[in-house]
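Notes follow the structure.
Taken together, the values in this text are just the output of simple stated rules run on the coordinates, not laboratory data. Please read these numbers as outputs of a predicted model, since none were measured by experiment. Here the Cβ positions follow ideal geometry from the backbone for every residue, glycine too, while neighbour counts run over all protein chains shown.
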Amino acid sequence: MTNMGRESVVRAALRRLDHLKAFGVSRHACKQEQAAGGGLPPSTGRIHSWATADTYKQQVLAFVKWARAKRGLRALREIDARAPELVASYLRAKQAEWRPSTLKTARSALRLFFEPVLGSQARKLGADVEIAPRRREEIVRSRFQTANDRRFAKELRAGKWRDLAAVAQATGLRRRELESVRVGDVRWEAGRLIVHVRHGKGGRERDVPVLRGKEDAVLRVIAGRDPAERIFSYVPSYMDVHAYRRQYARMLYRELTGGRVLPAKHGRLEPGSYDRAAALAVSRALGHNRLDVALRHYLR
């Protein structure tokens, strides 16, 4: 006989994930507050963005369904009691089919998921599972044309999405940032047109410099409109926003360096082969604040 009063493991997992959400709360501010209390942890123990929430939800549900199917565990408390063993077994089982980046994402999701139960010990989950470092050559996002790219390009040639593409290239904003930016967020500051992002990745605010020479394209889109109005109400899912962010990054780097050649695509990257200050400025404009991200994913 089925126990109708027992909560399913999937529903229990979703409920815990909901409690971890902290949308609109600055991840950076949380880390600063925790640092003031003694030490800066690698995680705030919360989920600060919709994109992370969606990714972690997929990873956690895949894990609990695996635990139910492979280990016969039908209650979350049973999984909690065996978390270290289960996470290690799960990651090892997925090593043959997943890339290192996917394995790391799954491990991060599970560490955060179990933190309410295990506390700081959750940050060690899966530590004994060796995950190969990701090679730059394996990064293919926005480097090869897809069916979605061809669809978007066809519609762009027909006159659709021209304003959206122009602003995306001039600012390098993320998808959700393009959908949330308002007319009043675009302003001149110290002789430069900037776009103020209110809620970027991790809830952080930032000012994004519009590329020199592309100011008119942005100003034309917002001309005569209400400052409180969103510039774009919709960004198509088949638009490769990351490709425009990469274009923006490379153009901004050249602008900041007076036309310096981009870092070489292949081989070891020597310190003198790129402008560190410019690369870091590009990373900050993109909302990453990490030099390695700009160099690995955008400039090479």
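Annotations
- A cut-off of 5 Å between modelled amide H atoms, ignoring neighbours fewer than 5 places along the same chain, links residue 210 with 193, 194, 195.
- Packing-based order for 278-284, 121-127, using average beta carbon neighbours within 10 Å, highest first: 278-284, 121-127
- For the chain, the fraction of alpha-carbon pairs lying more than 25 Å apart is 59 percent, rounded to a whole number.
- Estimated vicinal HN-Hα couplings, Hz - the stretch 88-101 in sequence order (Karplus 6.51, -1.76, 1.60; Gly, Pro = x): 4, 5, 5, 5, 5, 5, 9, 4, 6, 10, 10, 6, x, 5
- Share of pairwise Cα-Cα distances greater than 23 Å in the stretch 51-202 is 57 percent (whole percent).
- Ascending count of other beta-carbon atoms within 10 Å, so fewest first, for 288, 19: 19, 288
- Debye log10 I(q)/I(0) at q = 0.13, 0.28 Å⁻¹ for the stretch 213-270, Cα point scatterers: -0.58, -1.18
- Taking the chain as a Gaussian network of alpha-carbon nodes connected by springs under 10 Å, the highest mean-square fluctuation of the residues 238, 253, 90 belongs to 238.
- With eigenvalues of the C-alpha gyration tensor scaled by 5 and rooted, the stretch 9-131, Å: 24, 16, 14
- Each helix, a run of at least 4 DSSP H residues, gives -39500 (n - 2.57); summed and divided by the residues of the chain, these come to -15000 deg cm²/dmol at 222 nm.
- Packing, as the average of other Cβ atoms within 10 Å across residues, places the peptides 160-173, 208-221 in the order 160-173, 208-221, highest first.
- Degrees separating the helix 50-71 axis from the principal Cα axis of the chain, which is the longest one: 30 degrees
- Here the stretch 147-299 was treated as a single set of alpha-carbon atoms; its pair distances binned every 10 Å from 0 give 11, 40, 34, 14, 1 percent.
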